[in-house]
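J.: Handing you a structure now.
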Amino acid sequence: MTASAERRVRKRILIADDELALGRSLARVLTNAGYEVVTVGDGEAAVEAIGTQHFDVVLSDIQMPGMTGVDLLREIRVHDLDVPVVLMTADPTIETAALAVELGALQYLLKPISVEVLLQGMERATKLSQMARIKRQAMELLGALEPQAGDRAGLMASFDRCLGSMWMAFQPIVRSESGAGVYGYEALLRSREPSLPHPGAVLEAAERLDRLPELGRKLRALAAETFASRNDDALLFFNLHTRDLLDPDLSDPAAPLSRIAPRVILEITERSAIDDVKDIRTRVAALRAMGFRIAVDDLGAGYAGLTSFALLEPEIVKLDMSLVRGVHASPVKAKIIGSMTGLCKDMGLLVVAEGIETVEERETLASLGCDLMQGYLFARPGPPFPMAVWP
Ligand code: G
Ligand code: MN
């Protein structure tokens, strides 16, 4: 099925609310909008429905007798890891609502809910529900991640040497349409330390030595310093470690990267968990208020589910290169990418395809709707700033 055909199937919504009149009126609005709706009056009935039927979205009240919406969320995850759960509450101060989002609810809606907010919320939720399914297909296709092993000896000395000699490479990100017009550059850590030869090794060392904040600050300063000298409108794509979100320096207005925030896209990878970062939504909102934009990196190769979309509300997504590789010869990959780009377009997100190495991959990705492209085909990462070609 194509992405548009998938979208035409009627989506099923489960409403759980002990105020039956309200549940019915929500159901009426959603049915008129083309959804198939099942309404139940408490959490227990909701759990039973979830166990026996398929739903694309669950819309539940937070305070219900017997079982709260948050308990319900936990129960639902026993049966279905992906279905988006949207919570409703009449109490804007309620802490459970914010907590529920950190636990895995997609969002919460404040009662009374206007028709417009309801329909918008359900449209986003059904799109993300499809996204979660497609991501799971991608992960099954690509296989799980392998844990990294390592050796501890000499790590401290190696890391010190590395910090003193590392540099930032930049790789252009080009527009799919205009034949290599540069949209921005991704900054990439490069090490000169032989015992920590690639970025993964440097990050792992920093993690084990508890020195991630120091590494992050240094990298942000290096990238910002180099980029500040450009006076065009190219954007800087900068990779954050999830731990960086906890560093006050990241949101310090005086920090070097903060000063060019409106030109910066912060990439946050799906390869590590973000839902254990305390107050992540507040932190991301503060970054956005400073002008930063957010990209979900490595889509298709990391965690399944909707956490990254729910917590980060990204402006940009970057498809992992394992999905991109050989896409012209893989109908399964092409279908997955086509569905992802279709959904992202509907949600107003830009899609970057990473790791493009051949003209065949580029042509297929352009036809599948990727807006932006990055890879050795256009330019390898290099000292500031490599020229992009369009072979
Ligand atoms: O995790 P993230 O997607 O930020 O990593 C990007 C990495 O991919 C960089 O280390 C970069 O050197 C590498 N890279 C960039 N373009 C290509 C490419 O076309 N092919 C391959 N194999 N690697 C690439
Ligand atoms: Mn990246």
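J.: Can you report the number of residues in segment 74-98 which are crowded, with 21+ Cβ neighbours inside 10 Å and part of a helix (DSSP H, G or I)?
T.: 2
J.: Could you identify the single residue in 143, 154 that is under 21 Å from residue 307 (Cα atoms), out of contact with any Asp or Glu (no Cβ under 6 Å at 6 or more places or on another chain) and at pLDDT below 85? Please lay out each step first, then the result.
T.: On the way: 154 fails: under 21 Å from residue 307 (Cα atoms).
It is 143.
J.: Starting from segment 112-132, take each residue that is open to solvent by 50 Å² or more (accessible area, probe 1.4 Å) and list its partners that are modelled with pLDDT of 95 or more and in a loop (DSSP other than H, G, I, E, B), counting only C-beta distances under 6 angstrom and pairs at least six apart or across chains.
T.: These pairs meet every condition: 119/33.
J.: Filter segment 229-271 for residues that are assigned to a loop (DSSP other than H, G, I, E, B) and within 15 Å of ligand 1 (Cβ to nearest atom) and give the result.
T.: Initially, segment 229-271 is screened for residues assigned to a loop (DSSP other than H, G, I, E, B), giving 229-234, 241, 247, 252-257, 270-271.
Across segment 229-271, the qualifying residues are 241, 270, 271.
J.: What are the pairs, 6+ residues apart or on separate chains, where a residue within segment 314-331 that is within 16 Å of ligand 2 (Cβ to nearest atom) has its Cβ under 6 Å from a residue that is of a type in the set (D, E, K, R) and assigned to a strand (DSSP E or B)?
T.: Here the result reads 315/293; 318/297; 320/298, each pair linking segment 314-331 to a residue that is of a type in the set (D, E, K, R) and assigned to a strand (DSSP E or B).
J.: Which numbered condition in (1) open to solvent by 20 Å² or more (accessible area, probe 1.4 Å); (2) without any contact (Cβ under 8 Å) to a residue 40 or more places away in the chain; (3) of a type in the set (Gly, Ala, Ser) is the only one that residue 355 fails?
T.: Of everything listed in (1) open to solvent by 20 Å² or more (accessible area, probe 1.4 Å); (2) without any contact (Cβ under 8 Å) to a residue 40 or more places away in the chain; (3) of a type in the set (Gly, Ala, Ser), residue 355 misses just condition (1).
J.: May I ask you to list the residues in segment 42-66 that are closer than 17 Å to residue 108 by Cβ and crowded, with 18+ Cβ neighbours inside 10 Å? Full working, then the answer.
T.: Just the residues of segment 42-66 that are closer than 17 Å to residue 108 by Cβ, to begin with: 43, 46, 57-64.
Passing the criteria: 43, 46, 57, 58, 59, 60, 61, 62, 64.
J.: Could you please find all residues in segment 267-299 being among the hydrophobic types (A, V, I, L, M, F, W, C) and within 16 Å of ligand 2 (Cβ to nearest atom)?
T.: If we filter segment 267-299 for residues that are among the hydrophobic types (A, V, I, L, M, F, W, C), which is where we start, we get 268, 273-274, 277, 280, 284-287, 289-290, 292, 294-296, 299.
Those that are among the hydrophobic types (A, V, I, L, M, F, W, C) and within 16 Å of ligand 2 (Cβ to nearest atom): 268, 274, 292, 294, 295, 296, 299.
J.: Of all residues in segment 292-324, which are part of a helix (DSSP H, G or I), within 16 Å of ligand 1 (Cβ to nearest atom) and surrounded by 23 or more Cβ atoms within 10 Å (Cβ to Cβ)?
T.: Within segment 292-324, 308, 323, 324 meet the criteria.
J.: When you go through 319, 312, 323, 343 one by one, which is the residue that is within 17 Å of residue 123 (Cα to Cα) and among the hydrophobic types (A, V, I, L, M, F, W, C)? Outline the logic, then answer.
T.: Details: 319 fails: within 17 Å of residue 123 (Cα to Cα); 312 fails: within 17 Å of residue 123 (Cα to Cα); 323 fails: within 17 Å of residue 123 (Cα to Cα).
Matching residue, one of 319, 312, 323, 343: 343.
J.: Out of the residues in segment 365-380 that are surrounded by 18 or more Cβ atoms within 10 Å (Cβ to Cβ) and more than 23 Å from the chain's Cα centre (by Cα), which is farthest from residue 324 (Cα to Cα)?
T.: 379
J.: Now a separate question. Filter segment 6-41 for residues that are closer than 22 Å to residue 66 by Cα, crowded, with 17+ Cβ neighbours inside 10 Å and not hydrophobic (A, V, I, L, M, F, W, C) and give the result.
T.: 17, 23, 39, 41 - these are the residues of segment 6-41 that are closer than 22 Å to residue 66 by Cα, crowded, with 17+ Cβ neighbours inside 10 Å and not hydrophobic (A, V, I, L, M, F, W, C).
J.: Another question, if that's okay. Looking only at segment 186-210, how many residues end up being closer than 28 Å to residue 261 by Cβ, open to solvent by less than 40 Å² (accessible area, probe 1.4 Å) and either among the polar types (S, T, N, Q) or more than 12 Å from ligand 1 (Cβ to nearest atom) (or both)? Lay out the reasoning, then the answer.
T.: Step one: of segment 186-210, the residues closer than 28 Å to residue 261 by Cβ are 186-191, 199-200, 202-203, 206-207, 210.
Next cut, open to solvent by less than 40 Å² (accessible area, probe 1.4 Å) only: 186-189, 191, 200, 202, 206.
Imposing the further condition that a residue be either among the polar types (S, T, N, Q) or more than 12 Å from ligand 1 (Cβ to nearest atom) (or both) reduces the set to 191, 206.
Within segment 186-210, residues that are closer than 28 Å to residue 261 by Cβ, open to solvent by less than 40 Å² (accessible area, probe 1.4 Å) and either among the polar types (S, T, N, Q) or more than 12 Å from ligand 1 (Cβ to nearest atom) (or both) number 2.
J.: Among what's in segment 211-221 and is away from ligand 1 (no atom under 16 Å from the Cβ) and in contact (Cβ under 8 Å) with a residue 40 or more places away in the chain, pick the residue that is nearest to residue 169 (Cα to Cα).
T.: So the residue we want is 218.
J.: Checking residue 283 against (1) crowded, with 16+ Cβ neighbours inside 10 Å; (2) without any contact (Cβ under 8 Å) to a residue 40 or more places away in the chain; (3) part of a loop (DSSP other than H, G, I, E, B): exactly one of these is not met. Which one?
T.: Status for residue 283: all satisfied but (3).
J.: Another question, if that's okay. Pairs please, first residue from segment 261-276 and under 19 Å from residue 186 (Cα atoms) and polar (S, T, N, Q), second anywhere and assigned to a loop (DSSP other than H, G, I, E, B) and within 16 Å of ligand 1 (Cβ to nearest atom), Cβ atoms under 7 Å, 6+ apart in sequence or on different chains.
T.: 269/302
The values are calculated or read from the model by the stated rules, or taken from the named source; none is laboratory data. Since this is a predicted model, take the numbers as computed values, not measurements. Positions of Cβ are generated from backbone atoms using ideal geometry, with glycine treated the same way; all protein chains shown enter the neighbour counts. Quick note on the areas: whole protein, heavy atoms, side chains included, nothing else; ligands and nucleic acids left out. Shrake-Rupley method; radii C 1.70, N 1.55, O 1.52, S 1.80 Å.
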